[in-house]
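Below: the structure, in C-alpha cells.
The values are calculated or read from the model by the stated rules, or taken from the named source; none is laboratory data. What you are looking at is a predicted structure, and each value in this text was computed from that prediction instead of being measured. Ideal geometry is used to build each Cβ from the backbone, glycine not excepted, and the neighbour counts take in all protein chains shown.
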Amino acid sequence: MGNFIFLGPPGAGKGTMAAILTQECGYAHISTGDILRAEIKQGTELGRQVKQCIEGGHLVPDELVAEIVADRLAEPELAGKGLVLDGYPRTVPQAQLLEATLAKIGLELSAVVLFEVGQDLLLKRLTSRRVCSACRAVYNLVYGPPRQEGVCDACGGEVIQRADDSLETARERLEVYEEQTKPLIRYYQGKGLLVRVLANQDKDMNFLALREALKAKL
Ligand code: ADP
C-alpha cells in the first residue's frame with residue numbers, strides 16, 4: 001500500500017484527497033490539524049496550549065506535533081495499513097523528527113505528494129470551506145455545500161466555519177506555508193521522493209490525478 005506524505009498549501013485539498021483514499025483503499029489518515037482541533041474541542045491541556053497558535057494561523061511547536069504523531073503511529077490499529085500523513089511534516093525539523101520516528105518503527109516513506117494550486121484559488125477554497133463540528137466532514141459553500149444549510153449530510157451535526165478559515169487568518173497561513181513549509185519541497189526532492197499533482201480541478205478529477213501519481217510510486 002505504501003506510506004505517503006501529503007504536502008501542499010492550506011486549501012490544496014490534502015484532507016479531502018486523504019479522506020477519499022482512506023474510504024476507497026483502507027489507508028490510515030493521520031491529520032495533525034484534526035488531532036489538534038480535537039484536543040481543543042475536548043479542552044485538554046494540550047488543546048489549551050495550541051489554541052492560540054492555531055486560531056492565529058501559526059504553526060504549533062515542532063516537538064509537540066512530533067510527539068503527537070509518534071503516539072498516533074504507535075497505535076496498534078495502524079499495523080499493516082498504508083499511511084497518509086496529512087499536514088505533517090510542515091517544517092524541515094519536523095521532517096527530520098519524522099525520519100527518526102519512522103526508522104524506529106521500521107517504516108519507510110513511499111513518496112511525498114505535492115498538491116499544487118494557485119494562490120487565488122486557495123483563498124477562495126479556504127474562505128468558503130465549512131466543516132462538521134461533530135464528524136469533521138468537509139464541505140464547501142461554492143463547490144459542494146451540505147444538502148441542508150448548516151447541517152451535516154453524514155451525521156446531522158452542525159456545519160461551521162473553522163476559526164482559521166477567515167480571510168485574514170487564511171492569508172497568514174498561506175504566508176506561513178511559503179516561509180516554513182515550502183523548504184520541504186527541495187528537501188524531499190533531494191531524497192528523490194517528491195511527486196507533483198496538479199490539484200486545481202474538482203475533487204473527482206484531482207483524485208484521478210492523485211491515483212495516477214501514486215500508481216507510479218507503488
Ligand atoms: P490546513 O492544511 O488547511 O492549513 P490543518 O488542519 O492541516 O489545515 O492545520 C490547521 C492548523 O493546525 C495549522 O495552521 C497549524 O496551526 C496547526 N498544525 C497542523 N499541523 C501542524 C504541524 N505539522 N506543525 C505545526 N502546526 C500544525
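Observations on the model:
- Among the residues of the stretch 53-70, those identified as over 18 Å from P93 (Cβ atoms) and more than 7 Å from the ligand (Cβ to nearest atom) are E55, G56.
- Residues (surrounded by fewer than 20 Cβ atoms within 10 Å (Cβ to Cβ) and either in contact with a Lys or Arg (Cβ under 6 Å, 6 or more places away or on another chain) or closer than 30 Å to L167 by Cβ (or both)) located in the stretch 92-110: V92, P93, S110
- Residues in the stretch 174-189 that are exposed (fewer than 13 other Cβ atoms within 10 Å of the Cβ) and within 14 Å of G56 (Cβ to Cβ): E175 alone.
- Scanning the stretch 185-212 for residues that are touching a helix residue (DSSP H, G or I) at 6+ places or on another chain (Cβ under 6 Å) and either closer than 18 Å to L97 by Cα or small (G, A, S) (or both) turns up Y187, A199.
- Pair list, Cβ under 7 Å, 6 or more apart: the stretch 153-169 residue under 13 Å from T127 (Cβ atoms), other residue in a loop (DSSP other than H, G, I, E, B): D164/G57; T169/G56; T169/G57
- When Q49 is tested against (1) modelled with pLDDT under 95; (2) closer than 30 Å to K215 by Cβ; (3) polar (S, T, N, Q); (4) more than 9 Å from the chain's Cα centre (by Cα), just one condition goes unmet, and that condition is (2).
- Residue within the stretch 1-14 that is out of contact with any Cys (no Cβ under 9 Å at 6 or more places or on another chain), loosely packed, with under 14 Cβ neighbours inside 10 Å and either over 30 Å from M205 (Cβ atoms) or among the polar types (S, T, N, Q) (or both) present: no
- Flag if Y143 is under 26 Å from A28 (Cα atoms), in contact with a Pro (Cβ under 6 Å, 6 or more places away or on another chain) and either within 14 Å of the ligand (Cβ to nearest atom) or not charged (D, E, K, R) (or both): no
- Selection of the stretch 99-126 for residues being outside any helix (DSSP H, G or I) and free of Cβ contacts under 8 Å to residues at least 12 places away in the same chain yields only G106.
- If you go through the stretch 174-190 and pick out every residue that is of a type outside the set (G, A, S) and over 15 Å from P89 (Cα atoms), you end up with 2.
- Among the residues making up the stretch 1-39, those that are in a helix (DSSP H, G or I) and either more than 21 Å from E75 (Cα to Cα) or among the aromatic types (F, W, Y) (or both) are K14, T16, M17, I20, E24.
- Selection count, the stretch 13-52, where residues are touching a Leu at 6+ places or on another chain (Cβ under 7 Å) and either of a type in the set (K, R) or within 13 Å of the ligand (Cβ to nearest atom) (or both): 4
- When the residues of the stretch 141-153 are filtered to those that are at pLDDT 95 or above and surrounded by 13 or more Cβ atoms within 10 Å (Cβ to Cβ), the one that is farthest from S128 (Cα to Cα) is D153.
- Output for the stretch 52-98, where each listed residue is within 16 Å of the chain's Cα centre (by Cα), touching a residue at least 60 places away in the same chain (Cβ under 8 Å), farther than 16 Å from E108 by Cβ and assigned to a loop (DSSP other than H, G, I, E, B): G57, H58, L59, G87, Y88, R90, T91
- For E116, the conditions (1) within 16 Å of the chain's Cα centre (by Cα); (2) more than 30 Å from V159 (Cα to Cα) are fulfilled apart from (2).
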